[in-house]
Structures are given as C-alpha cells and as structure tokens.
Amino acid sequence: MTVSTVSIWYAFIMVSHYIDANIYITEINGDFSIIDNHIKVQAAKPVQANNVNCDKMTLKTSRVNEDKPLLTGTATLYNQNGTLPDTNISCGSINDTLEKNGANGGSASDYNPLLNRQLENPTSNFDTMIHLLKGNIGTGILAMPDAFRNSGWVVGLVCTALLGAVCTHCMHILVRCSHELCVRTQRPSLSFPNVAEMAFEYGPPKLQKYSSAASKFINTFLVMTQLGFCCVYFLFVATNLQEVITHYFSIKMSVQSYLLILLVPMILLNCVKSLKYLTPASFLATILTVIGLGITFFYLLQGLPKTLNVKAFSSWQQLPLYFGTAVYAFEGIGMVLPLENNMKNPESFGGMTGVLNTGMVIVTCLYTSIGFFGYLRYGEAVKLGSITLNLPCQDLLAQSVRAAMAFSIFLSYGLQFYVPIGIVWPALKGYFHSQSSQRNAELSIRVFLVTLTFALAAAIPNLSAIISLVGSFSSSALALIFPPIIELMTFWDHCSGKEFTMMFVKDIIIIIIGFLGFGFGSYASLWNIIEPISS
C-alpha cells in the first residue's frame, strides 16, 4: 500500500517552474554591455539623452549566483551620485532591450532573493526538515482513523493521497509566487500575507485595489488557523494526560482542570522567541512522535479483521467531516514560507527531491497508513479525535504512548504558536517606543494568546469536532483557496494563452474543492459541536 501511495502522490506533484533570464549585464571600467540572445549593445562613451547629465552611469545589481541562476530580477540605472535620472533616458537599443525584457516579465539583472537574506539564526536543511515534519505530524495524524470512519476505507485511501498531492502543490505555488514577487519588488523574502498583497498589486488593474484587503484576509485566517491548532494541541495533551493519571492514580478531574495545570508550562515554553532555539524541542518531539507512532502501529496491526468488516464508503453526510479532519491533518501551509525564508540553503527547499517534497511524501504515507489500519482495527469504535484514546488502557505500553504523544504535542505547541505571534506582535509593536516597553508588551501578548487558546479549549472540550471545524473553516481556505488565487494574480499576464488556460482550469478546480469543503465541512463540524450540547 505504501508503494502505491507514493506513486499516486508523485503523479500529482506539480513542480514549480522558474522563469530563467536570458539577459546578462556586465560593467567594465565604467562601461556596460547588455547581451541578449541575439543582441549585444555596448556603451563605451557617456550617453546623452533628453539633456540629462549621464557622465557616468552605473548598474546596481545584487549578488548573483552564477552557478544556479534561479530567478530573474530588475535592473536599475543610477547616476554617479546614486540618484535616478529625472527624465527617461533614451539609449537606443539599450532602452529597447530593457523595455522588451521588462514587458515579458524578465529584467536586465539576475536579482536572486535567496542570496540577499540576512539571517541571525538560519536553519539548516535538517533543521527545516524537522520543523516541517513536526509542523505537519501533530494531532491530525492521530485523528486520521476518525477521518477514515467518516469516509470509508477506499475513499479514505484515494482521497488522502490526492489531498496530500494537492496540498503540497499549493505549497509549491506559494513558494514559487513568493520568489517571483520577491524579484519584482527587489525584496529578499515575503511572508504569506505579503505574497497575497503583492500578487494583487501586480494583478489585473481592476483588482489591484483589493491588495490590502487580501493581506488582511490572509493574516486573519492565519491567526485563526494557528490558534485553532494551538487549541487542539492544548486539548489533546490534557485529554491524554487525563487518561493516564486517572488509570494509574485514580484521580478524577475534569479536562478543564488538566488544561489549567498545563497553562503555566505552556506560557513558559512560548517565551522562546527564536525558531532556531525551538529546534531541540522539535527534535525531541519528533523522536517521541516516531516512538509513539511505532508503538501505535504495533497495536493497530494486531488482530486485523478483513476489510469486509468496515465500510468502503461511509455516507455523503459524513464525508464533509472527513474533509475537515484530513485538511486539518495537512496543517503545515502556514509554516512553509517562514521555514523557507529562514533556511541557510533555501534552494534546497523546492524541487522534486527537495525538503518540501521529501517531508510531505513521508507525511502523506503516514497519514494513509494510520488512517487505514486504525479504522480497520477498531471500525466504528473510532469516534474520538485521537487513536491513542482507543488503545487498551490496561497495558503499560499503551499508556506510555499516550504520555509520549502528549509530551510531544506539548513541545510542538511552540512551533504552531510561532506563526500567530509573528503576525500579531509586529502589528502592535509600533505602539510601544522604548525597548523595555516593547519587551514587556511582547511578553504580555504571548501570555494573552496562550491563555486565549486555553479558554477556547476549555469552553469546547470536543477534540474531534474542533479538529474538523478548524480544518474545514480555516485550513481549507489557507491550503486550497488562497494559493491558486495568488498564482492567478501573480502570473495573469506572464503566461502564454495555452499555458494560462491550463493554469486557470487547474486553479479553478482546486478553488472549487476548497470552497465545497469550506462550506459543507464547516456546517457539519458546527452541527457536531452544537448537537451534543442541545441533547
């Protein structure tokens, strides 16, 4: 099954294509030449145009990776004093060549944003892989048997592989658009909201006025999604601790009491500000997750019944709940650009065998395996938001899985919290002027947001329903709706007719899938929360 899953997954991976520049500019002893495929223009004398003083013209470019020219950029001509000329310079074929390349989305220099990033604590490929795995393998993977119960085992296998491929393709879309827009804006990196804003800014003229609104939409959904993940993490840790402590110590306390106990440790963990310093916690969490999943497989593979004992397809009414849980499981869309922007070697992130594809193949195979075998083993009894709660409570090994996974998810909370604090704090930082006030204010905001996730988890202690709601409402918008819209806005005038048509059809299909899941999944999840309360 694993081999077929990988084959299906790879068949649907869309590799990002970069637009390579065919123009090179050099400067020798104050002279510069532009070489396009068929044109070589060299200016050996001062250029006079429209009575503009151009005694010495220089071409300012950023560092260029001559071995790996990944991206194109924009060249700017400056006067000797570093200022732009007041009027347009007519330099014959030089100006024609610049305009030609600019109109085609190219430029006169190879500005590579990947080589212009100044990072205090860059992460290695290994660090990024650890963060990527932990950003995706969290509580969602343990809810996959519940997702398969809502879909049926055949539908679950096929749809999980396809959904993994589509979500990963949308991650590639986001990275590709980020690189392209970095080139156009001459910036070393962009965040998810910045990418959305710049995409509309360079999009069709009638839609450019919505650039600011697009950025605010992304920020809102990012904060909602990541804080929703944090709520689930909080509740997951509390629920599993409750099972362990109740069994061994016969101490009966509500889930809310365990949430309150966890509040102070969660606050202390999230005082760590640097993503680099979260690597040890992510690494330990990954080890615990691998051990926990290994032991979980040990239980799932024992006494497996025939597939005839479980449903191949559940029902149309339950299918939206599957979608919400499955999309929630692929929870790493908000971490993609922060991880790529913080890499020491960001060129290793993309590509067919890059960090992103490698990590997501592992994630997708684990999701389908846990979901299939978990549903096959426990059938309709899988009704909770975590398969660990179905393991036999009398076994010490099963209880150790609950404890290990609870501690792993506890350590992973900080990685999920990294995104919302990175959005909320910069928006409020300008209101505080001194360093001491900024330090105290940031600490207060961190405490407030962690406390907010605690309060929401305590108010709705329904793990399965919250997972499905967060996945349907927030994750589907970020993972399936916004990336194709951004791609259409970014490349609307940079593709040939046939290429744009293919991209348009593909993106519209993904957007429709996202909206269907958003609407039906959110409705079914809300009903799943409200109905037990009313009864």
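Among the residues in the range 425-439, are any open to solvent by less than 60 Å² (accessible area, probe 1.4 Å), touching a residue at least 12 places away in the same chain (Cβ under 8 Å) and out of contact with any Pro (no Cβ under 9 Å at 6 or more places or on another chain)? Among the residues of the range 425-439, at least one is open to solvent by less than 60 Å² (accessible area, probe 1.4 Å), touching a residue at least 12 places away in the same chain (Cβ under 8 Å) and out of contact with any Pro (no Cβ under 9 Å at 6 or more places or on another chain), which makes the answer yes. The helices (runs of 4 or more DSSP H) found wholly in the range 379-474 and carrying at least 2 residues that are over 24 Å from the mean Cα position of the chain (by Cα) and under 24 Å from Thr325 (Cβ atoms) occupy 396-429, 435-459. Of the residues making up the range 297-332, those that are surrounded by fewer than 24 Cβ atoms within 10 Å (Cβ to Cβ), part of a helix (DSSP H, G or I) and either in contact with a Ser or Thr (Cβ under 8 Å, 6 or more places away or on another chain) or not hydroxyl-bearing (Ser, Thr, Tyr) (or both) are Phe297, Phe298, Leu300, Leu308, Asn309, Leu319. Within the range 337-344, not a single residue is modelled with pLDDT under 90 and under 22 Å from Ala524 (Cβ atoms). Scanning the range 206-249 for residues that are touching a residue at least 60 places away in the same chain (Cβ under 8 Å), within 21 Å of Ala459 (Cβ to Cβ) and of a type in the set (Ser, Thr, Tyr), which turns out most open to solvent (accessible area, probe 1.4 Å)? Among residues in the range 206-249 that are touching a residue at least 60 places away in the same chain (Cβ under 8 Å), within 21 Å of Ala459 (Cβ to Cβ) and of a type in the set (Ser, Thr, Tyr), the one most open to solvent (accessible area, probe 1.4 Å) is Thr239.
For Ala161, the criteria (1) assigned to a helix (DSSP H, G or I); (2) open to solvent by 10 Å² or more (accessible area, probe 1.4 Å); (3) among the aliphatic types (A, V, I, L, M) hold in every case but one, which is (2).
Residues checked against (1) of a type in the set (Ser, Thr, Tyr); (2) open to solvent by 20 Å² or more (accessible area, probe 1.4 Å); (3) out of contact with any strand residue (DSSP E or B) (no Cβ under 9 Å at 6 or more places or on another chain):
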residue	(1), (2), (3)
Met343	no, no, no
Pro346	no, no, yes
Thr358	yes, yes, yes
Thr368	yes, no, yes
Leu384	no, yes, yes
Asn390	no, yes, yes
Cys393	no, yes, yes
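Scanning the range 494-513 for residues that are touching a residue at least 12 places away in the same chain (Cβ under 8 Å) and either touching a Pro at 6+ places or on another chain (Cβ under 8 Å) or among the acidic types (Asp, Glu) (or both) yields Lys506, Asp507, Ile508, Ile510, Ile511.
Residue-level analysis places Ser282 among those that are polar (S, T, N, Q) and open to solvent by less than 30 Å² (accessible area, probe 1.4 Å). Among the residues of the range 351-378, the one identified as of a type in the set (Val, Ile, Thr) and not in a helix (DSSP H, G or I) is Thr353.
The values are calculated or read from the model by the stated rules, or taken from the named source; none is laboratory data. What you see is a predicted model; the values in this text were computed from it and never measured. As a convention, Cβ positions derive from the backbone with ideal geometry for all residues, glycine included, and neighbour counts pool all protein chains shown. These area figures cover heavy atoms from the full protein model, side chains too; ligands, DNA and RNA do not enter into them. Shrake-Rupley method; radii C 1.70, N 1.55, O 1.52, S 1.80 Å.
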